[in-house]
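Here the structure is laid out as C-alpha cells; the discussion comes afterwards.
The values are calculated or read from the model by the stated rules, or taken from the named source; none is laboratory data. Everything numeric in this text was worked out from a predicted model, so none of it was measured. With ideal geometry, Cβ positions are generated from the backbone for all residues, glycine too; neighbour counts draw on all protein chains shown.
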Amino acid sequence: MQKSDAQRNVRLFGWFVILSEPLFWGPILISYIINIGKMSLPEIYFMESIVLLGVVFLEIPSGALADLIGRKKTIILGSILHTISIIVFSISDSPKEIWLANIIWMIGYSMQSGADVALLYDSLKEDGRETEYSKIIGGNLANRLLVITFSCLIAGWMFKVNPRLPLFLSTPTVLISTFLAFYFTEPLKTEKYNIKKQFEIMKAGLKIVLKNGKILWIIFFTLLISVASKIWFFTYNPYFELVELKIEYYGVMFSLLNITAWYFSRNAHIFVQKNNTQKCAFIIVLLVGVPVLLMGLFVSKISLLAILFQNVVRGFLTPFSSDLLNKQIGSSNRATVISIQSAFNGFAQFCSLSIFGYILKIYSLGFCMQILGLSVLLLGFIIILQYRRIFLGNSATKKNV
C-alpha cells in the first residue's frame with residue numbers, strides 16, 4: 001500500500017465514523033422500543049443480553065476473518081448488515097421485529113468491530129504516524145459527537161410528530177457510510193481464507209491475551225467501564241420518564257451529553273499525556289460510579305446533570321483504552337486481539353444486563369442504579385490496585401505506561 005492510500009484511508013475513516021452512527025435515534029431509542037416495539041424495560045435488558053451473547057460467539061471468528069480476508073471486506077459486510085438493521089428497526093411494530101433488527105445488528109457489529117480500528121491503526125503505521133492514533137481516533141469520535149449533538153436537538157420533536165421519523169431519517173447517512181467503506185485500501189497483504197488457518201489465528205490471539213497480564217488488565221478495566229455505561233445508557237429514557245421530563249426535551253438533554261463527550265474525546269490525547277495510566281483509570285472509575293449512585297439516591301430533574309460525568313468518560317474511554325491496547329499487540333494479531341476484547345466485553349454485558357434486568361423486576365429503578373454505582377466503585381478500585389503489580393512490578397520508580 002502506498003503512503004497516499006494510507007493517508008486517504010485515514011481521511012475516509014473520519015467520515016465513516018461520523019456517518020455510520022444513526023444520527024437521530026439516540027435520544028428516543030429506548031422509548032421507541034417500549035412504545036412502538038411494545039417491550040418493557042426488563043425485556044429490553046434481556047433481549048440485549050441475548051444479542052450480546054451472540055456477539056461473544058461471533059467476535060473472535062470475525063476478527064480472525066478480518067486478519068485473513070482483509071479489514072476492508074469485513075468492514076463492508078458489517079456496514080451492509082448495519083444499514084439493514086436500521087431499516088428493520090424503523091418499520092418494526094412488534095417485539096419479534098425488534099428482535100430481528102437486533103440480531104441483524106449483532107452480526108453486522110461483529111463483522112465490523114475490531115476490523116475498523118485495526119484498519120486505521122495499520123494505515124497510520126504505514127504512513128509512519130501510529131503515535132498519532134489516540135489523537136486521530138479521539139478527533140474522529142469527537143467530530144461524530146459534534147454532528148450528533150446538533151441532530152439530537154430535533155430528535156425529541158420529531159418523535160412527538162411521528163415516533164418512526166427519527167429512525168427513517170437516520171437511514172440515509174448510514175447507507176452513505178457503507179458506500180465509503182468500498183473506497184478503503186487494504187493496509188495489509190491478506191491470505192486465502194480457510195477454516196484451519198482461522199482457528200489457528202484465534203488460538204494464537206487467545207494465547208497472546210491470556211499470557212499477557214497487561215493486555216488482560218486493559219481488557220478487564222475497559223470491560224467494567226463499558227458494561228456499566230451500557231447498563232446506564234438503557235436507564236436514560238426510563239429515568240427521564242420517572243422525573244417527568246417532556247419527550248421534546250430528550251433531544252436537548254442528549255445534545256448536552258454529546259457536546260460533553262465531544263469535548264473530552266477531542267482532548268483525550270492531551271489528558272493522557274499529562275496524567276499516567278493509573279491516575280486516568282482512577283478518575284474514570286469515579287466519574288462513572290459516583291454519579292450513577294447519586295442519581296439512584298436522589299431521583300429528580302437536578303440529578304440528570306450527573307449523566308454529564310458519564311459522558312466525560314464516554315468521550316475519553318475509547319482513545320485512552322485503545323491506545324493502551326495497541327501498544328501491547330502486534331499488527332498481525334491486532335484485529336483478532338481487539339475482537340477477543342470485544343467478545344469478553346460482550347459476555348460480561350450478557351451476564352450484567354441479564355442480572356440488572358432481573359433486579360429491575362423486583363426493585364425500583366433508583367435502587368438498581370445505587371447497586372450499579374457501588375459495584376463500579378468496588379470493582380474499579382480492585383482493578384486499579386492491580387495496576388502497579390502488573391505494569392510496574394516491584395519497582396516504584398519505574399515509569400508508568
Log entry, pairs with first residue in segment 126-138 being more than 18 Å from Val272 (Cα to Cα), second being crowded, with 19+ Cβ neighbours inside 10 Å, beta carbons closer than 6 Å, six or more apart or on different chains, reads Glu126/Ala6; Glu126/Pro187; Asp127/Ala6
The residue that is farthest from Val55 (Cα to Cα), considering only those in segment 346-380 that are polar (S, T, N, Q) and crowded, with 16+ Cβ neighbours inside 10 Å, is Gln370
Looking at segment 288-306, which of the residues that are among the hydrophobic types (A, V, I, L, M, F, W, C) and crowded, with 23+ Cβ neighbours inside 10 Å is nearest to Ile270 (Cα to Cα)? Val288
Residues that are within 20 Å of the chain's Cα centre (by Cα) and over 20 Å from Ile176 (Cβ atoms): find the helices (runs of 4 or more DSSP H) completely inside segment 1-109 holding 2 or more of those. 29-35, 41-69
Is at least one residue of segment 89-103 in contact with a Lys or Arg (Cβ under 7 Å, 6 or more places away or on another chain), closer than 23 Å to Tyr250 by Cα and either of a type in the set (Val, Ile, Thr) or at pLDDT 85 or above (or both)? yes
What number of residues within segment 74-111 satisfy the criterion of being in contact with an Asp or Glu (Cβ under 8 Å, 6 or more places away or on another chain), surrounded by fewer than 20 Cβ atoms within 10 Å (Cβ to Cβ) and either among the β-branched types (Val, Ile, Thr) or free of Cβ contacts under 8 Å to residues at least 40 places away in the same chain (or both)? 2
Can you name every one of the helices (runs of 4 or more DSSP H) wholly within segment 216-321 that holds 3 or more residues which are at pLDDT 90 or above and touching a helix residue (DSSP H, G or I) at 6+ places or on another chain (Cβ under 8 Å)? 236-242, 250-266, 277-297
Suppose the filter is buried (at least 22 other Cβ atoms within 10 Å of the Cβ), of a type outside the set (Gly, Ala, Ser) and farther than 30 Å from Tyr32 by Cα; does Leu65 pass it? yes
For segment 156-185, the count of residues that are closer than 24 Å to Asn237 by Cα, within 24 Å of the chain's Cα centre (by Cα) and free of Cβ contacts under 8 Å to residues at least 60 places away in the same chain equals 0
Subset of segment 22-53 (residues that are surrounded by fewer than 19 Cβ atoms within 10 Å (Cβ to Cβ) and within 22 Å of Gln112 (Cβ to Cβ)): Ile50, Leu53
Looking at the structure I just gave you, is Ser265 buried (at least 16 other Cβ atoms within 10 Å of the Cβ) and either charged (D, E, K, R) or out of contact with any Gly (no Cβ under 9 Å at 6 or more places or on another chain) (or both)? no
Name the residue, out of Ser90, Ser94, that is hydroxyl-bearing (Ser, Thr, Tyr) and either farther than 17 Å from Thr171 by Cα or in contact with a strand residue (DSSP E or B) (Cβ under 8 Å, 6 or more places away or on another chain) (or both). Ser94
Test: residue in segment 112-135 that is under 17 Å from Thr178 (Cα atoms), of a type in the set (Phe, Trp, Tyr), in a helix (DSSP H, G or I) and at pLDDT below 90: no
